[in-house]
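First up is the structure itself, then whatever we jot down about it.
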Amino acid sequence: MSGDSWDDYADGWDDDPAARAYSRAAYASLVQDLEQRGRSLDQMRVLDFGCGTGLLTEQLVDQAGSVHGVDISPKMLAVLEEKATRLGWTNVTTSTTVPPDGAWDLIVCSSVCSFLDDYPGTVSQITAQLNPGGVFIQWDWEATEGDEGHGLTRTQIDEALRSAGLLDIDVRTAFSIPFEDQMMEPLAGSGIRR
Ligand SMILES: C[S@@+](CC[C@H](N)C(=O)[O-])C[C@H]1O[C@@H](n2cnc3c(N)ncnc32)[C@H](O)[C@@H]1O
């Protein structure tokens, strides 16, 4: 989908209980992933790629040093910028493209990778801007081989992270939470830059 198409979702995104529950669970799984790597969010310089309205950003702002949200949808970013101004998040910045001078300690991609035209290429590009030892983590719905819908297989994630040169790669079910009459069980894939 283009940025224009995502613009149509901006107004109601923060009111969607599924999106809120997903981002809370993604945050909890991020904290766990960092703990297992002996790392913490404290003062990290974070890139939230495909940040949307910032549902994940808003959970990172207190502990991280800074969060830069990137999204192709100007309307999604406008919602995040309004929240940042209203809530006094002076450590949050945004742009529609990834700034060239990254030096990120952490890159988070929540429900965006399966929508990218070139998923492995984009992961390679953005993770090249991680500091040595920096962490990359993504969350996406799980697809099975041959699926037509949006989602990624475990193999696709593993291969993309490997071809980006990441180490200590872990691809697993990120969380399992009931929502209405279904279970939300997306995948997480993470790794570190050498
Ligand atoms: C399903 S939403 C997830 C938003 C947010 N991460 C969340 O968890 O609430 C996908 C987001 O990815 C963004 N997106 C899609 N393609 C993108 C690209 N090539 N670069 C940056 N953002 C993109 C969309 O504009 C949209 O805001």
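Looking only at the stretch 144-170, which residues are under 19 Å from GLY121 (Cβ atoms) and either of a type in the set (Gly, Ala, Ser) or buried (at least 20 other Cβ atoms within 10 Å of the Cβ) (or both)?
The answer is GLY151, LEU152, GLN156, ILE157, ALA160, LEU161, SER163, ALA164, GLY165, LEU166.
Could you figure out which of (1) surrounded by 17 or more Cβ atoms within 10 Å (Cβ to Cβ); (2) within 9 Å of the ligand (Cβ to nearest atom) isn't true of GLN138?
Of everything listed in (1) surrounded by 17 or more Cβ atoms within 10 Å (Cβ to Cβ); (2) within 9 Å of the ligand (Cβ to nearest atom), GLN138 misses just condition (2).
Being within 9 Å of the ligand (Cβ to nearest atom) and surrounded by 14 or more Cβ atoms within 10 Å (Cβ to Cβ) is the requirement here; does SER110 meet it?
yes
Checking GLY146 against (1) on the phi > 0 side of the Ramachandran plot; (2) at pLDDT 95 or above, only one condition comes out false. Which one?
Only one criterion is unmet by GLY146, namely (2).
Inside the stretch 153-194, can you point out the residues that are more than 25 Å from GLY133 (Cβ to Cβ), aliphatic (A, V, I, L, M) and touching a residue at least 24 places away in the same chain (Cβ under 8 Å)?
ILE177, MET184
Only one of (1) modelled with pLDDT under 95; (2) within 26 Å of ASP15 (Cα to Cα); (3) among the β-branched types (Val, Ile, Thr) is not met by VAL112, so which one is it?
Looking at each condition in turn, VAL112 falls short on (1).
The values are calculated or read from the model by the stated rules, or taken from the named source; none is laboratory data. Here the structure is a predicted model, which means the values were calculated and not measured. Using ideal geometry, Cβ is built from the backbone for each residue, glycine included, and neighbour counts are taken over all protein chains shown.
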